[in-house]
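Peer 1: Below you will find the structure I want to go over with you.
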């Protein structure tokens, strides 16, 4: 319970500090992904099998960047081809080219109970900035 409260507070702080948005700006998908649309895209969403290129940053629950490709080559993957965590496939299909989100991905749509040894704790909620830069 205490960990949930701390995680929720860290999440709220991250949202307010990094984006200056209100809680009413946060949307939630049916599966539980929470997101704030930072920048609108062109309205054309990627379809299963298409390749998307994204710029992203993964943050810790305290808002510290722990992984990013900003300033480098976009990360490329095929939608719905099990190349990324389920939360990314779901989120990216809802985005369009040029769109940028801050999203909070629940553990079950991330790395789940296993986590990634030495990198992502088991049952970790994931915090990302994701921008779709191209769809082919």
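Peer 1: Looking at this structure, is residue 45 touching a helix residue (DSSP H, G or I) at 6+ places or on another chain (Cβ under 9 Å) and loosely packed, with under 12 Cβ neighbours inside 10 Å?
Peer 2: Spelling it out, it is not the case that residue 45 is touching a helix residue (DSSP H, G or I) at 6+ places or on another chain (Cβ under 9 Å) and loosely packed, with under 12 Cβ neighbours inside 10 Å.
Peer 1: Give me the strands (runs of 3 or more DSSP E) completely within segment 40-136, filtered to those with at least 1 residues that are touching a residue at least 60 places away in the same chain (Cβ under 8 Å) and more than 11 Å from the chain's Cα centre (by Cα), ordered by residue number.
Peer 2: 51-59, 126-135
Peer 1: Is at least one residue of segment 47-66 modelled with pLDDT under 95, touching a strand residue (DSSP E or B) at 6+ places or on another chain (Cβ under 8 Å) and farther than 17 Å from residue 126 by Cβ?
Peer 2: no
Peer 1: Please tell me if residue 21 is over 16 Å from the mean Cα position of the chain (by Cα), part of a loop (DSSP other than H, G, I, E, B) and at pLDDT below 95.
Peer 2: Yes, satisfied.
Peer 1: Still on this structure, I have one more. I need a count of the residues in segment 59-84 that are farther than 20 Å from residue 136 by Cα and buried (at least 17 other Cβ atoms within 10 Å of the Cβ).
Peer 2: The total comes to 2.
The values are calculated or read from the model by the stated rules, or taken from the named source; none is laboratory data. This structure is a prediction, so every number in the text was calculated from the model and none was measured. All Cβ positions, even for glycine, are placed from backbone atoms using ideal geometry, and neighbour counts span all protein chains on display.
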